[in-house]
Every structure is written in structure tokens, then in C-alpha cells.
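This report refers to the structure that appears directly beneath it.
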């Protein structure tokens with residue numbers, strides 16, 4: 001018999017023989033939950049109930065409003081008579097002119113949050129200011145736009161450039177605004193050395209995300225970069241990351257190092273697989289991978305055990321660093337990597 | 001004579017109803033299932049429960065083979081059925097329910113594997129099975145070797161093998177379900193079968209030594 005066919009038929013027989021019917025408790029649980037679960041695009045029982053409650057409340061509010069408008073003055077007059085209020089008391093409630101409390105004080109100035117200068121989408125120039133992103137090796141890069149009119153002075157900095165053996169790389173240039181994009185032409189070099197590297201790249205403003213994007217071919221084949229406003233992050237990955245496990249215990253992932261590899265350690269302070277209350281810890285390394293969307297992947301290999309060396313285990317995991325939220329997401333499943341992470345995926349925040 | 005004009009995966013329905021004429025099964029079961037899908041899309045809970053009862057075994061079986069953990073498979077199957085209920089109104093073509101439901105159960109299985117963390121026992125420990133197994137019959141040994149080899153595969157490799165040999169999907173259908181290129185499906189199958197064969201071969205080579213001091 002063809003060995004290829006032999007193994008296929010043995011695997012097929014084995015898989016079909018090993019398959020068990022679905023335990024009845026699964027269907028029972030589904031039967032209990034479905035009536036409380038609305039379908040996408042359709043108002044479910046809960047949604048309908050909620051809407052009917054809201055409609056009821058809206059109806060009551062509308063009726064109350066009509067009552068106040070129609071019968072309000074008369075009712076207040078009667079109430080004032082009953083309570084022996086002096087003239088004027090209570091009349092401000094339904095006065096047609098705005099009450100003093102409702103009008104803004106003359107000295108009030110718009111809050112910073114409402115200022116158009118701090119809202120990129122409302123600003124005629126969304127570029128001015130400093131933006132940052134993360135380079136392929138996890139180190140930070142910044143771009144600063146300054147000036148007026150159709151052009152901007154531009155400084156692009158790679159704070160730990162591989163072409164400069166980990167030293168600072170600076171590019172000076174001029175940006176020309178073209179709609180929601182700015183094309184930057186300049187020359188750069190390692191700190192203290194001649195500027196011998198030409199730059200000709202377009203940054204595009206994304207009003208929905210409030211970010212700048214550079215094209216996929218800026219650093220060959222590495223995908224788009226998202227640039228965000230705010231403090232420059234020292235490194236995409238390095239530092240302590242904290243998350244809560246499904247059993248409520250605290251997990252810490254610590255990364256350090258530079259370049260495309262990182263030293264990684266992991267601690268779960270109360271691991272399910274260890275003896276009650278015991279911690280699980282692991283050490284290993286990570287390799288920074290490709291840029292996808294707003295993030296960058298790191299593949300991590302770990303070897304660990306429960307306290308005292310019990311239950312040794314290995315893992316190979318993949319995490320995504322998200323530029324915009326400055327979070328680490330993962331471990332990811334293969335389908336997460338092609339699309340949005342599943343809702344259950346753990347999000348790690350800087351500790 | 002009824003012509004099998006329906007997608008190949010409807011063959012599974014025929015297997016569900018043992019004892020019923022295959023011709024009759026092939027002709028009316030897909031239509032019934034289609035009607036159940038359409039009714040469930042309109043929010044008919046009873047239709048959905050009937051549908052879940054009919055497809056539950058194959059979805060659970062797939063989750064079981066991907067996860068190799070009955071408890072995790074139960075959670076994944078339950079989550080998949082709830083996701084199917086929630087997302088059914090977005091399914092444009094009820095005839096594609098089979099592939100679509102497989103995709104959802106694979107996603108649920110991946111998520112379950114992720115939630116339970118992907119820690120796995122160091123292979124060195126797995127490579128030394130208990131000596132009691134040496135006394136098992138050939139069929140049992142075969143099963144154990146396949147089980148061990150399957151455990152060593154990643155969840156994504158197991159998903160491809162289970163879709164191919166348990167769910168009888170073609171390479172193209174697997175590619176569509178998993179949203180990966182057909183070439184990747186084939187390379188994962190090749191890799192998985194090679195690993196499983198190596199496991200069986202290793203067992204066969206060690207067989208003459210069995211029973212020796």
C-alpha cells in the first residue's frame with residue numbers, strides 16, 4: 001500500500017473513531033443563553049425589552065413636558081398660593097429667558113479640550129507638532145513639523161538607528177502640504193556625521209484615527225507606520241507589562257534588550273496548573289517581527305515551571321504591540337494575526 | 001436517482017441518519033437544514049435549537065480534535081453555537097452554512113486554546129510513555145502513537161488535519177474556512193502527516209525490543 005495513503009487512511013479512521021458526540025449539557029447551556037442573546041442586526045429579546053422600556057420612559061417624559069408647558073404656569077400659581085410663597089419664587093423655573101446659571105459667565109474661556117488648536121481634525125493644519133512611532137527594532141522615531149504657510153520645517157529622528165550602530169539618526173527637511181498629506185524631502189545622517197541619506201516620503205493624516213501614516217514601502221516591505229501625538233515611547237516592547245489571567249491572578253511579562261531580539265520573563269503569581277497558590281515563572285527570548293496595521297509582532301519562546309521546578313512547560317507565543325493604545329495584545333491565535341484580535345484576547349498594560 | 005448537486009459536506013448529514021435511505025436523506029436533509037438556517041436567521045429559537053442539535057456533533061468533534069481536551073472542546077463548542085446564533089442574520093447564503101459554521105468553531109477553538117494559555121508539556125516528557133502501554137494490542141498502540149503525535153502538532157496544524165480527515169473538506173474548502181492560502185493548507189497537511197508517520201514509524205521500530213529486559 002502507498003505509505004502516503006496508508007497514513008491518511010489511518011488518521012481518518014482514528015479521527016472518526018475518536019470523535020465523541022456533543023455532551024448534552026452544551027446544548028442545554030446554549031438553550032438557556034440564546035433567549036437572552038440578541039442576534040446581530042436584529043433587536044433581541046433584551047434589546048426589545050430595553051427599547052420598550054425606553055419608549056415607555058420617553059412617552060412619560062413627553063407627557064410630562066406637555067403638562068408643564070400647558071398647565072405649568074397655572075399649577076405653579078396654585079402651588080405658590082398653597083405654600084404661601086412670595087411673588088417671584090418658583091417663577092424662574094419656567095421663565096422663557098435663560099436663567100443666570102444657564103448662561104456662561106463673561107470671564108469663562110473655552111476649556112483646553114474644546115480648543116480647536118488641540119483638536120487635529122478641527123485644525124486647518126493637522127501636522128504641526130511632534131509625532132512618534134516605533135521603528136522595526138522597537139526603538140522610537142519622531143517627526144516634528146514647524147512653521148506656517150504651505151510648507152513646514154521638518155526634523156525626523158530615529159533615536160536608536162540600526163544604520164548608526166544604535167546611535168541617533170537625524171534628518172532635516174522641508175514638508176509640502178498637499179491636502180491631507182505632507183511630502184517631506186530632506187537629507188539625514190548619523191549624529192555628528194555627514195547627512196548622506198536622502199528622504200522623500202509622504203505622511204498622510206488619518207482624521208478618524210487622529211494619526212499620521214507612512215506608506216508600506218518606506219522601509220521596504222514592512223507595512224505602514226502609524227505616528228501618534230503625545231509623549232515619545234522609549235521602546236515599543238521593553239518594560240513590564242501587566243495583565244489579569246482568566247482566573248483573576250496577575251501576570252507580568254518583562255522585556256528588555258535592543259535590536260530585533262529581547263530577553264523575556266513571565267510570572268503568573270497564582271497559576272492554575274501549579275499547586276494551590278503557587279506561582280509559575282518562565283524565561284526565554286523574543287524576536288520582533290513584521291509590521292501589520294497599527295502594530296508590530298513579537299514571537300516569544302519561553303520555558304518555565306511552577307515554584308520549585310515542578311511541572312516544567314514550554315510555550316511559543318505571538319504578541320502584538322499597538323502603537324495607538326501603547327498596549328501589548330496576546331498571545332494571539334493564527335486568526336487574530338490576519339484580522340482584529342478576538343474579544344477574549346488578553347491586553348497587557350505597562351506596569 | 002438523486003443527483004448530488006449540493007456541496008459535498010452534506011454527505012455528513014446522510015451519515016447522521018443511519019438506517020434511512022441514502023437517496024431520501026440526500027434529497028431532503030439539506031433542504032431541511034437550509035430551512036432551519038433561514039428560520040433561525042429570522043430569530044426562530046426553536047429552529048436554531050433543532051439546527052444546533054443536528055450540527056452539534058460535527059462541530060464538537062472538530063473542536064475536540066483541534067483542542068485535544070474535552071472540557072476545552074465543550075467550552076469552544078458552546079461559544080461557537082452562541083456565535084452562530086448571534087451572527088446568523090449576517091450569513092448571506094444559507095447554503096454556505098457548513099463552511100461558515102466550521103470557520104466559527106475553528107475560531108472558537110483557537111480562542112479557547114489562547115484563553116487557557118498555550119503552555120504545553122515539554123516534548124521530552126511525552127517521549128517516554130508509561131511502560132504499561134507496551135502490553136497494549138497493536139490497534140491501541142497505533143491509536144496512542146497517533147494521539148501523541150497529534151498532541152505535538154500546533155492547534156493550526158491540527159485544525160487543517162481535522163478539517164481534512166474528520167470533516168472531509170477539500171484543500172480549497174479548508175483554505176476558505178481558515179482564510180489562508182491553499183499552499184499553506186497543503187504544507188501544513190504535509191508537515192502534519194510527516195510528523196504522524198514519524199511517530200508511527202518510531203513505534204514500529206521499537207516494537208521488536210518490547211518485552212525484553
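Within the range B:52-59, at least one residue is assigned to a helix (DSSP H, G or I) and either more than 21 Å from residue A:37 (Cα to Cα) or at pLDDT below 85 (or both).
Name the one entry in B:112, B:71 that is out of contact with any helix residue (DSSP H, G or I) (no Cβ under 8 Å at 6 or more places or on another chain) and either in a helix (DSSP H, G or I) or at the interface with chain A (Cβ under 10 Å from one of its Cβ atoms) (or both). If you could, list the steps in order and put the result at the bottom.
Numbers: B:112 fails: out of contact with any helix residue (DSSP H, G or I) (no Cβ under 8 Å at 6 or more places or on another chain).
Of the residues listed, the single one that is out of contact with any helix residue (DSSP H, G or I) (no Cβ under 8 Å at 6 or more places or on another chain) and either in a helix (DSSP H, G or I) or at the interface with chain A (Cβ under 10 Å from one of its Cβ atoms) (or both) is B:71.
Quick one: which strands (runs of 3 or more DSSP E) sit completely within the range A:262-341 and have at least 1 residues that are surrounded by fewer than 21 Cβ atoms within 10 Å (Cβ to Cβ), at pLDDT below 85 and at the interface with chain B (Cβ under 9 Å from one of its Cβ atoms)? Write out each step before concluding.
Numbers: elements: A:280-292, A:295-306, A:313-322, A:327-329.
Counting at least 1 such residues, we get A:313-322.
For the range B:44-56, a residue qualifies if it is at the interface with chain A (Cβ under 7 Å from one of its Cβ atoms) and either surrounded by 18 or more Cβ atoms within 10 Å (Cβ to Cβ) or in contact with a helix residue (DSSP H, G or I) (Cβ under 6 Å, 6 or more places away or on another chain) (or both), and the qualifying residues are B:45, B:48, B:49, B:52, B:56.
Taken together, the criteria exclude residue A:224 from residues that are at pLDDT 85 or above and touching a strand residue (DSSP E or B) at 6+ places or on another chain (Cβ under 7 Å).
Residues in the range B:133-176 that are modelled with pLDDT of 90 or more and assigned to a helix (DSSP H, G or I): how many? Can you show your working first?
At the first step, the residues of the range B:133-176 found to be modelled with pLDDT of 90 or more are B:157-175.
Those still in the list that are assigned to a helix (DSSP H, G or I) too: B:157-166, B:171-175.
Residues meeting the conditions: 15.
Among the conditions (1) modelled with pLDDT of 90 or more; (2) away from chain A (no Cβ under 12 Å), residue B:18 misses just one, which is (1).
The values are calculated or read from the model by the stated rules, or taken from the named source; none is laboratory data. Note that the structure is predicted; figures quoted are calculated from it, not measured. Positions of Cβ are generated from backbone atoms using ideal geometry, with glycine treated the same way; all protein chains shown enter the neighbour counts.
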